[in-house]
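The values are calculated or read from the model by the stated rules, or taken from the named source; none is laboratory data. The structure displayed is predicted, hence computed values, not measured ones. Quick reminder, even Gly has a Cβ in these numbers, built from the backbone with ideal geometry, and neighbours come from all protein chains shown. With ligands, DNA and RNA removed, areas are computed over all heavy atoms of the protein, side chains included. Shrake-Rupley method; radii C 1.70, N 1.55, O 1.52, S 1.80 Å.
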Amino acid sequence: MIYIVLWGLLFAGLAGFSRVVMGPTVPDRIVAADTVSTILTTFLAVLYLLFDDMVFLDVALAFAVLSFVDVLVMAKYFEHGELHL
């Protein structure tokens, strides 16, 4: 059962990554990048459940915090779909 969840998360991550690459606007790409990072965090948490190794949970937590900061920075610099210098 857990392998089905992992494959589903992998497929969802690939679908989200395609939106990051081919997104029509910058805000679409930012939202897709945030979604992919959430999916990757969940993937790491499920790997923790599968292998019962705390390293996966530590990496997932660190990645979630960095991803949150990354999305905030992207939203700040790409306000209204344009880069403000």
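Would you point out the residue of the stretch 67-85, among those that are hydrophobic (A, V, I, L, M, F, W, C) and open to solvent by 90 Å² or more (accessible area, probe 1.4 Å), that is modelled with the highest pLDDT?
So the first thing to find is which residues in the stretch 67-85 are hydrophobic (A, V, I, L, M, F, W, C), and the list is 68-69, 71-75, 78, 83, 85.
In the following step, the residues that additionally are open to solvent by 90 Å² or more (accessible area, probe 1.4 Å) were identified as 68, 72, 83, 85.
On the way: Phe68: 91, Leu72: 85, Leu83: 54, Leu85: 45.
Here the answer is Phe68.
On the given criteria, is Phe11 surrounded by 12 or more Cβ atoms within 10 Å (Cβ to Cβ), in a helix (DSSP H, G or I), at negative phi and not small (Gly, Ala, Ser)? Before you say what the answer is, go through the steps one by one.
Details: surrounded by 12 or more Cβ atoms within 10 Å (Cβ to Cβ): no; in a helix (DSSP H, G or I): yes; at negative phi: yes; not small (Gly, Ala, Ser): yes.
No.
Only residues that are surrounded by 13 or more Cβ atoms within 10 Å (Cβ to Cβ) and among the aliphatic types (A, V, I, L, M): list them for the stretch 51-66, please.
Selection gives Leu57, Val59, Ala60, Leu61, Ala64.
Suppose the filter is out of contact with any helix residue (DSSP H, G or I) (no Cβ under 9 Å at 6 or more places or on another chain), over 18 Å from Gly13 (Cα atoms) and assigned to a helix (DSSP H, G or I); does Val69 pass it? If you could, list the steps in order and put the result at the bottom.
Numbers: out of contact with any helix residue (DSSP H, G or I) (no Cβ under 9 Å at 6 or more places or on another chain): yes; over 18 Å from Gly13 (Cα atoms): yes; assigned to a helix (DSSP H, G or I): yes.
Yes.
Would you confirm whether or not the stretch 49-59 contains a residue that is under 11 Å from the mean Cα position of the chain (by Cα), modelled with pLDDT of 90 or more and of a type in the set (Asp, Glu)?
Residues of the stretch 49-59 under 11 Å from the mean Cα position of the chain (by Cα): none.
Among the residues of the stretch 49-59, not one is under 11 Å from the mean Cα position of the chain (by Cα), modelled with pLDDT of 90 or more and of a type in the set (Asp, Glu), which makes the answer no.
Given the options Val21, Val36, name the one that is assigned to a helix (DSSP H, G or I), open to solvent by 70 Å² or more (accessible area, probe 1.4 Å) and either within 30 Å of Glu79 (Cα to Cα) or at pLDDT 95 or above (or both).
Values: Val36 fails: open to solvent by 70 Å² or more (accessible area, probe 1.4 Å).
Unique residue meeting the criteria: Val21.
Taking Val46, is it open to solvent by 40 Å² or more (accessible area, probe 1.4 Å) and assigned to a helix (DSSP H, G or I)? Spell out how you get there, then give the answer.
Numbers: open to solvent by 40 Å² or more (accessible area, probe 1.4 Å): no; assigned to a helix (DSSP H, G or I): yes.
No, not satisfied.
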